[in-house]
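The values are calculated or read from the model by the stated rules, or taken from the named source; none is laboratory data. Just so it is clear, the model here is predicted, and its values are computed rather than measured. Cβ: placed from backbone, ideal geometry, glycine included. Neighbour counts: every protein chain shown. Calculation scope for accessible area: heavy atoms of the full protein, side chains included, ligands and nucleic acids excluded. Shrake-Rupley method; radii C 1.70, N 1.55, O 1.52, S 1.80 Å.
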Amino acid sequence: MSNHDEKFRVASREEDFLADTNALTSPEVPAGVDRRQFLIRSAVGGAAAVMTGCAVTPEEKTAKAVETAQPKAAAAAPPLSADLNVVKKGQGPVLTTVDEFYKVGPGPSSSHTIGPMRITYDFYQRATKLPADQLAKATKLQVNLFGSLSATGKGHGTERAALAGLIGHEPATVDPKFLDGLRDNPNQVFPVKLGGKSIDVSLKDVVYDATKGDFKHPNQMTVKLLAGNDVLLEQEYYSVGGGFIEWKGYTPPKKNAPKYPFRLMKELRDHADTNKTTIAKIMLANEMSISGKSEAEVYAWVDKVINAMVATVKSGLAMPEDDVLPGPIKLHSKAATVYKRAMDDKFEAERGLGALSAFALAASEENGRGHLVITAPTGGSAGVMPAVVYGLLEVRKMDRQKVREGMLAAAAVGYLCKHHATLSAAEGGCQAEIGVASSMAAALAATAHDAPSLVVENAAESALEHHLGMTCDPVAGYVQVPCIERCAFGAVKAWTAFVIASNEIASRHRVNFDATVAALAETARDMNAKYKETSEAGLALSVTLC
Ligand code: SF4
């Protein structure tokens, strides 16, 4: 058999699984379950099982349908609390800086791992400042996870991240092996030093609490220091997307004014055009004025991010081809296989497409392993930007300065999406993660190729536009299916957006970036709560694990 035949070889089907559709549904509707929903879910689950070749008994179909049937149709998500900074910030100029935005931390989800780890680390710091007599009474530390953190936290390893923060680990420096060790040996107990007191903590101190309720944000959690039943210190926190966190009573840190204030892409582009410069140069000036850093310091951070992105792609590609990702899906790694086979393709275009996809798969699989990734803008989307960065630097051998400038333009796109819409799948579905990442990567590619500011905007707009409405439905709550392949598609769409934008007549591009961000925000608000990182619908429901 030739390589080509081998590549396209599929398992033969000996029977027509869909010949008798009666077999797909479970006959009995259990008490207390909505009949219509039960029958639909039973049929969907059964059909998905036979189509994928799984043998599913009627009892298993019934159990799965009961497990996933909701008493009532899930409604649109409750609105976010108006006093959250993440809601208020859309009114003023963009003040985010690259060192806040591009964060290094453990996968698989910036809102479910990096955010919670930052939160419990923050609480630990606060607790250490309590008076010694209070600390002397402390007996227990407890973390309660709510909303999406509770619904899909198990698949994301939220409890391990939360525990790591409590015992003093920070996302950028935690050894992923420590988190893997917690997964493999969940009964470990760690002493936490608080003044003269030492309190033992373990995963049992992280409680998966209510998934539904009147929350200020869907990613809500509380952390408490207790003395018996008395609360010595308690703080309510929100993991608001991209690893950003807030807490009850949060006020954003005071920052210097930007040199070129903007709250819309139109204003940003006006600054670039009026000053006869680029979006990247305007962003550099703003980074320097807001943070007080020098140009060299800003670029030093950008270089760290670029190097980390290249490293995630390299380590993902270097994993053995038969590697299986952690979790119940038993998903085989495929980055190395796709890369090797694509390189054998006789068509150059397929080699390029295959390589770009493989780079995204590689970084995203690293995220799925819980290894260190870079939020650009999130962990779930952590394959998109690295794929394009790797392609530009390692394959196209582009001048690093061009890629640095691309990273600044990409950051501008991410800031604007954060400012006016969301980077959180629990608020806006996958359009807010992969969609924003793809838009950022399109701006990166265009900037690195010296495209004018309008072309950069058009590329970013196209990539975002064609992700609008994309839901978040990770199978079994693990950031693997659809997330890993979705990163590959995000990278390819980014490249397509760049190619279209640089070849069309830019002034005829009909949709502007700001309008598309407004559509992103509105679609996020209207999206049914089931499709916002709850694993209650979509692929999470129709894919049967066996
Ligand atoms: S489906 Fe998209 S948004 Fe949801 S976890 Fe996966 S990558 Fe993130």
Quiz prompt | Spin-label model distance (nm) - Ile505 vs Asp526, 7 Å beyond Cα toward Cβ | solution = 3.2
Quiz item: With every protein chain in place, what's the accessible area of His332 (1.4 Å probe, Å², nearest 10)?
Solution: 110
Quiz item: What is the extension gain from Ala515 to Ser289, computed as 0.36 nm multiplied by their sequence separation minus the C-alpha to C-alpha distance, in nm to one decimal?
Solution: 78.6 nm
Quiz item: Roughly speaking, what is the stretch gain from Gln125 to Lys248, that is 0.36 nm per residue apart minus the C-alpha to C-alpha distance, in nm to one decimal?
Solution: 42.6 nm
Quiz item: Which percent, nearest 5, of DSSP beta bridges in the stretch 91-224 are antiparallel?
Solution: 75
Quiz item: Taking R0 as 30 Å, what's the FRET efficiency between Lys266 and Ala210 from their Cβ-Cβ distance, rounded to 0.05?
Solution: 0.10
Practice problem: Kindly state, to the nearest 0.05, the FRET efficiency for Lys314 paired with Asn229, given R0 = 35 Å and r defined as their beta-carbon distance. | Solution: 0.10
Exercise. Would you mind getting me the FRET efficiency between Lys255 and Glu321? Use the beta-carbon distance for r and R0 = 51 Å, nearest 0.05.
Key: 0.60
Self-check item: Inter-label distance, nm, simple model (7 Å from Cα along the C-beta direction), Leu539/Arg351
Solution: 3.0
Quiz item: Per-residue HN-Hα couplings for the stretch 438-446, Karplus 6.51 cos²θ - 1.76 cosθ + 1.60 at θ = phi - 60°, whole Hz, x for Gly and Pro?
Solution: 5, 5, 4, 5, 5, 5, 4, 4, 5
Quiz prompt | Solvent exposure of the stretch 149-277 as accessible area per residue, Å², 1.4 Å probe | solution = 48
Self-check item: In order through the stretch 111-128: 3J(HN,Hα) via Karplus (6.51 cos²θ - 1.76 cosθ + 1.60), integer Hz, x for Gly, Pro
Solution: 7, 9, 10, 5, x, x, 5, 5, 5, 5, 5, 4, 5, 4, 4, 5, 4, 5
Quiz item: Quick one: if you stick a label point 7 Å off each Cα along the C-beta vector at Lys177 and Gln134, how many nm between them?
Solution: 3.8
Quiz item: Can you pick out the pairs among Lys248/Lys530; Lys259/Lys402; Lys177/Lys493; Lys204/Lys304; Lys154/Lys304 whose Cα atoms lie more than 28 Å from each other?
Solution: Lys177/Lys493; Lys204/Lys304; Lys154/Lys304
Practice problem: Be a star and scan the stretch 315-332 for residues whose amide nitrogen sits under 19 Å from the point 7 Å along the Cα-to-Cβ vector of Asp344. | Solution: 317-323
